[in-house]
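To start, the structure under review is shown below, and the notes come after it.
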Amino acid sequence: MAVLEKPRPRNNIRMVKDTLGLAEWELMGALGGISSKTLTNWLSNPKPAQKDDHFLFLLRLLDLSRDIIKKDRLADWIHEPQEEFGGLTPAQMLTREETRDRVLTLLRELRYGNLA
């Protein structure tokens, strides 16, 4: 009888990084400016990240982008300059605390049709 291998838990940090196509420095900035050591630790053991407000924000962003931007295009969109952000990319907006909510606002407007 073969022994079944226990499935490995999904690493949501890696999934967010890969889905958004963020470079490590972009992900560190989007996670509130965490250090590269913290990111390395979270990539190998994602449990501590699951309670981090910045990480939960990125999960909300992914959820909100669903049905608006195709998953395989999201990484492109994150790195495309947006007129609504004065020519900055959403990735750049995510690395600054004072501008990150504007990315969610734009996605809400796209999803619910509230564009002016």
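Within segment 37-57, count every residue that is in contact (Cβ under 8 Å) with a residue 12 or more places away in the chain and in a helix (DSSP H, G or I).
9
Suppose the filter is more than 16 Å from the chain's Cα centre (by Cα), surrounded by fewer than 16 Cβ atoms within 10 Å (Cβ to Cβ) and in contact (Cβ under 8 Å) with a residue 24 or more places away in the chain; does ARG60 pass it?
The answer is no for ARG60.
Scanning segment 76-98 for residues that are closer than 20 Å to GLU24 by Cβ and of a type in the set (S, T, N, Q), which turns out surrounded by the most Cβ atoms within 10 Å (Cβ to Cβ)?
If we take residues in segment 76-98 being closer than 20 Å to GLU24 by Cβ and of a type in the set (S, T, N, Q), then THR95 is surrounded by the most Cβ atoms within 10 Å (Cβ to Cβ).
Go through (1) under 13 Å from the mean Cα position of the chain (by Cα); (2) within 15 Å of LEU107 (Cβ to Cβ); (3) not in a helix (DSSP H, G or I) and name the single condition MET93 misses.
(3)
How about segment 19-36: which of its residues are outside any loop (DSSP other than H, G, I, E, B) and free of Cβ contacts under 8 Å to residues at least 12 places away in the same chain?
Scanning segment 19-36 gives TRP25, MET28.
Residues of segment 59-90 being of a type in the set (Gly, Ala, Ser) and in a helix (DSSP H, G or I), which ones?
SER65, ALA75
Quick note: the coordinates plus some simple rules give every number you see, no bench work behind them. Remember, it's a predicted structure, so these values are computed and weren't measured experimentally. Glycine gets a Cβ as well: all are built from the backbone with ideal geometry, and neighbour counts include every protein chain shown.
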